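The block underneath contains the structure these notes are about, expressed in structure tokens.
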Amino acid sequence: GQQVMQIPQYQHVQEGEDFTTYCNSSTTLSNIQWYKQRPGGHPVFLIQLVKSGEVKKQKRLTFQFGEAKKNSSLHITATQTTDVGTYFCAGFSSGNTGKLIFGQGTTLQVKP
Amino acid sequence: GAVVSQHPSWVICKSGTSVKIECRSLDFQATTMFWYRQFPKQSLMLMATSNEGSKATYEQGVEKDKFLINHASLTLSTLTVTSAHPEDSSFYICSATQGVDTEAFFGQGTRLTVV
């Protein structure tokens, strides 16, 4: 079945450093979504990318969708302690419409 | 964004009993609801996809007779863990979407502890 792989699993950074998490799917995705889950909380939607090669920015966060629509990345510039949490990518497969599959997530720790 | 309410937020039950978890979309009609299970420090494992008025589609390895899902209306889906055992203890989260390939809104989650 469809698999969504995400790396790294954990990342510890000093406040002010950059952070990137990568997402790869075993199948082509119709779109990719990114979520953030704070400790003890539930996932919260950040953004959705639909077009091949699409790049979107939200303040210090930059999201990219690969040309083949099988991979994506989230880059945070100059991390802050408020960025702490687990970031998940999730995708609806092109051939498996209706099923939202999550990557394993990357847990970010930021040292002040 | 849209609001999804999940209840209860936590529950402790005895082995052998059944527990029902409700997931409601408060301000939109959810064509599809998803049920996930999350172990500590792990990802969300999709258990089943539920569409209003039809039978849920279960993922491989998920026992449909143990995890009963009912999606009776466009705003309510329920997950019943039947004959619960300690290994069923976990964090269960529902999410709802308004259409295919759209943003998913998550409930607060239910922490189930079976003793």
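Just one of the listed residues (A:Gly53, A:Gly41, A:Gly91, A:Gly98) is on the phi > 0 side of the Ramachandran plot and modelled with pLDDT under 95, and it is A:Gly98.
Here is a yes/no grid of residues against (1) over 13 Å from the mean Cα position of the chain (by Cα); (2) free of Cβ contacts under 8 Å to residues at least 12 places away in the same chain; (3) under 15 Å from A:Pro43 (Cβ atoms):
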site	(1), (2), (3)
B:Met33	no, no, yes
B:Ser43	yes, yes, yes
B:Thr49	no, no, no
B:Gly61	yes, yes, no
B:Asp65	yes, no, no
B:Phe91	no, no, yes
B:Phe106	no, no, yes
B:Thr110	no, no, yes
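In segment B:97-113, which residue that is open to solvent by less than 50 Å² (accessible area, probe 1.4 Å), part of a loop (DSSP other than H, G, I, E, B) and facing another protein chain (nearest Cβ under 7 Å) is nearest to A:Leu49 (Cα to Cα)? The selected residue is B:Asp101.
At negative phi and either buried (at least 16 other Cβ atoms within 10 Å of the Cβ) or not in a strand (DSSP E or B) (or both): does that describe B:Ser83? The answer is no for B:Ser83. Scanning segment B:7-55 for residues that are assigned to a loop (DSSP other than H, G, I, E, B) and open to solvent by less than 20 Å² (accessible area, probe 1.4 Å) yields B:Phe28, B:Ala30. Looking at A:Val50, is it within 19 Å of B:Ala2 (Cβ to Cβ), in contact with a strand residue (DSSP E or B) (Cβ under 7 Å, 6 or more places away or on another chain) and within 12 Å of chain B (Cβ to nearest Cβ)? Criteria not met by A:Val50. For segment A:1-68, the strands (runs of 3 or more DSSP E) that sit wholly inside it and include 2 or more residues that are within 11 Å of the chain's Cα centre (by Cα) are A:4-7, A:19-25, A:29-37, A:44-49, A:61-65. Do we find that A:Thr20 is within 19 Å of A:Thr62 (Cα to Cα), touching a residue at least 40 places away in the same chain (Cβ under 8 Å) and surrounded by fewer than 16 Cβ atoms within 10 Å (Cβ to Cβ) in this structure? For A:Thr20, the condition - within 19 Å of A:Thr62 (Cα to Cα), touching a residue at least 40 places away in the same chain (Cβ under 8 Å) and surrounded by fewer than 16 Cβ atoms within 10 Å (Cβ to Cβ) - is met.
The values are calculated or read from the model by the stated rules, or taken from the named source; none is laboratory data. None of the values given here were measured: they were computed from a predicted structure. Don't worry about glycine lacking a Cβ; one is built from the backbone with ideal geometry, like all the others, and counts go over all protein chains shown. Only protein heavy atoms, including side chains, enter the accessible area calculation; ligands, DNA and RNA are left aside. Shrake-Rupley method; radii C 1.70, N 1.55, O 1.52, S 1.80 Å.
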